[in-house]
Amino acid sequence: MTKQVTLIERKNIAIVGRTNAGKSTLFNALTEQNNAIVSSIAGTTTDPVAKAAELLPFGPVVLIDTAGFEDESALGVKRAKKTVATMRRADMTLYVVDGNNFEKKAYEEFSSKKLPHILVINMCEPKQLENLSKAYPQASLLTDMNDTELEKLRQQISDLLTSLDPEEVPVIDRLLSAGDTVVMVIPIDSEAPKGRIILPQVQMLRQCLDANIRSVVVQPSELAEALADQNVDLVITDSQAFAEVAKIVPADIALTSFSMLLAYSSNFGQLMNGCEAIKSLPAGAKILMLEGCTHNRSHEDIGRYKIPKLLKKHTQKDFSFAFYSGYDFPEDVSAYDMAIQCGNCMLNSREIASRLEILAKNNIPVTNYGVILAYLHGILDRAAQIFTKGNL
């Protein structure tokens, strides 16, 4: 059976380098489509251009063409910031250079960032090509981007991604066994997308199906009946229903949320410890709210309204909130006293890891929606208890 991979689960490959190094030409060649405009005019590529592709033998990836460094146009600084943001979420990069104008210092500065990458030497005269191939034997050499050269580069990319991508055991497999029963509580309110359920709920349902774990899906009003009808090993709820669901689920049945399950795939300890900062937040503290997706807001929005309201009620203090959506992230986080991120089901794992690293380096406590809602409702210990079992 072929595993279905969503766009956010695909490994991100950013194509970066100076202007006019041939990045867009390489992007088009690797995707085998004219997705990016190619021109001899420096600064032709403005915003990043992404294209999903199948990279054999590795599998599904996303290739991202970016604006060149050292863009001297009026918008060059803004374009460069977009490129840096793209690199933050990239699992690996292709650093493309014009072999006839190779700048060793610029490449060494890039290499110092310790990002997984392949040096791609492009458009090179034979003598210069010979010198660079000796100096950088691991580089990919492209004279005219013929099929042989591109196939060799694809294999290099595949090998690097494979080395960076150890097979992970799904979280549900580490919690339960085949034949166990899970009840998933999914409220249908004004924030629920019409005609579908959200990605973390779909992902958990699929994990249960793959592991031969029985799944029952209910709304909060149907939960008590579902628990009475069968032996249940775990209840997974949408975070915003934590308080209501906790009152219904007996203490001998494990309880957690979709958001906390997602959090366990990142730095769970960092997110759990982040809640401790709430106790010492001063009135007027600046809180960074990170929302992974963009959608219309209603009075039931969990990040814009419910969490701020609960925080005020819990602390009896007013705070200042700054909201960022999608892949947008502040250049400087030092002004914030705390960060709260959503489950981030719409962002790739490298972006999430990068954000947590930046926040940690700046000593900014961070948690996520599921963890903080459990904390504010006084059930964090219970909701996290299942993650201490076995080898978790």
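Failed condition for Val169, given (1) part of a helix (DSSP H, G or I); (2) loosely packed, with under 15 Cβ neighbours inside 10 Å, with all others met?
(1)
I'm told Arg355 meets every condition in (1) buried (at least 18 other Cβ atoms within 10 Å of the Cβ); (2) without any contact (Cβ under 8 Å) to a residue 40 or more places away in the chain except one. Can you identify the failing condition by its number?
(2)
Specify which of the listed residues (Ala243, Ala228, Ala224) is surrounded by fewer than 18 Cβ atoms within 10 Å (Cβ to Cβ), aliphatic (A, V, I, L, M), free of Cβ contacts under 8 Å to residues at least 12 places away in the same chain and more than 20 Å from Ser177 (Cα to Cα).
Going through Ala243, Ala228, Ala224 in turn, just one is surrounded by fewer than 18 Cβ atoms within 10 Å (Cβ to Cβ), aliphatic (A, V, I, L, M), free of Cβ contacts under 8 Å to residues at least 12 places away in the same chain and more than 20 Å from Ser177 (Cα to Cα): Ala228.
Just give me the residues in the range 35-55 being closer than 22 Å to Thr148 by Cβ and at pLDDT 70 or above, in sequence order.
As a first pass, look at the range 35-55 and keep what is closer than 22 Å to Thr148 by Cβ: 38, 53-55.
Result: Ala53, Glu54, Leu55.
Residues to consider are Leu290, Leu261, Leu234, Leu209; find the one that is surrounded by fewer than 18 Cβ atoms within 10 Å (Cβ to Cβ) and either under 21 Å from Leu380 (Cα atoms) or among the hydrophobic types (A, V, I, L, M, F, W, C) (or both).
The unique qualifying residue is Leu209.
Only one of Ile186, Ile172, Ile213 is touching a helix residue (DSSP H, G or I) at 6+ places or on another chain (Cβ under 7 Å) and farther than 28 Å from Gly59 by Cα; which?
Ile186
For residues in the range 67-90 being within 20 Å of Ile352 (Cβ to Cβ) and β-branched (Val, Ile, Thr), which is surrounded by the fewest Cβ atoms within 10 Å (Cβ to Cβ)?
Val84
How about the range 199-231: which of its residues are among the small types (Gly, Ala, Ser) and not in a helix (DSSP H, G or I)? Before you say what the answer is, go through the steps one by one.
Keep residues of the range 199-231 that are among the small types (Gly, Ala, Ser), which gives 211, 215, 221, 224, 226, 228.
Once the filter is applied, which keeps residues that are among the small types (Gly, Ala, Ser) and not in a helix (DSSP H, G or I), the range 199-231 yields Ala211, Ser215.
With respect to Gln316, is the statement that it is in the same structural domain as Lys286 (by TED's automatic domain parsing), free of Cβ contacts under 8 Å to residues at least 24 places away in the same chain and not charged (D, E, K, R) true?
On the way: in the same structural domain as Lys286 (by TED's automatic domain parsing): yes; free of Cβ contacts under 8 Å to residues at least 24 places away in the same chain: yes; not charged (D, E, K, R): yes.
Yes; evaluated as a whole, the condition is true for this residue.
Can you confirm whether Lys312 is out of contact with any Cys (no Cβ under 9 Å at 6 or more places or on another chain), modelled with pLDDT of 90 or more and not in a loop (DSSP other than H, G, I, E, B)? Break it down stepwise before answering.
Working: out of contact with any Cys (no Cβ under 9 Å at 6 or more places or on another chain): yes; modelled with pLDDT of 90 or more: yes; not in a loop (DSSP other than H, G, I, E, B): yes.
It is true that Lys312 is out of contact with any Cys (no Cβ under 9 Å at 6 or more places or on another chain), modelled with pLDDT of 90 or more and not in a loop (DSSP other than H, G, I, E, B).
Quick grid of which residues meet (1) more than 30 Å from Lys11 (Cβ to Cβ); (2) touching a residue at least 40 places away in the same chain (Cβ under 8 Å); (3) aliphatic (A, V, I, L, M):
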position: Arg304; (1), (2), (3): yes, no, no
position: Leu311; (1), (2), (3): yes, yes, yes
position: Phe321; (1), (2), (3): yes, no, no
position: Phe329; (1), (2), (3): no, yes, no
position: Ala335; (1), (2), (3): yes, yes, yes
position: Cys345; (1), (2), (3): no, yes, no
position: Glu351; (1), (2), (3): no, yes, no
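Would you point out which residue out of Ala241, Ala263, Ala251 is more than 24 Å from Phe329 (Cα to Cα), at pLDDT below 95 and touching a strand residue (DSSP E or B) at 6+ places or on another chain (Cβ under 7 Å)?
Ala241
If you take the residues of the range 369-389 that are surrounded by 17 or more Cβ atoms within 10 Å (Cβ to Cβ) and among the small types (Gly, Ala, Ser), which of them is nearest to Phe323 (Cα to Cα)?
Result: Gly370.
The values are calculated or read from the model by the stated rules, or taken from the named source; none is laboratory data. This one's a predicted model, so the numbers in the text were calculated from it and none came from an experiment. Every residue, glycine among them, receives a Cβ derived from its backbone with ideal geometry; neighbour counts consider all protein chains shown.
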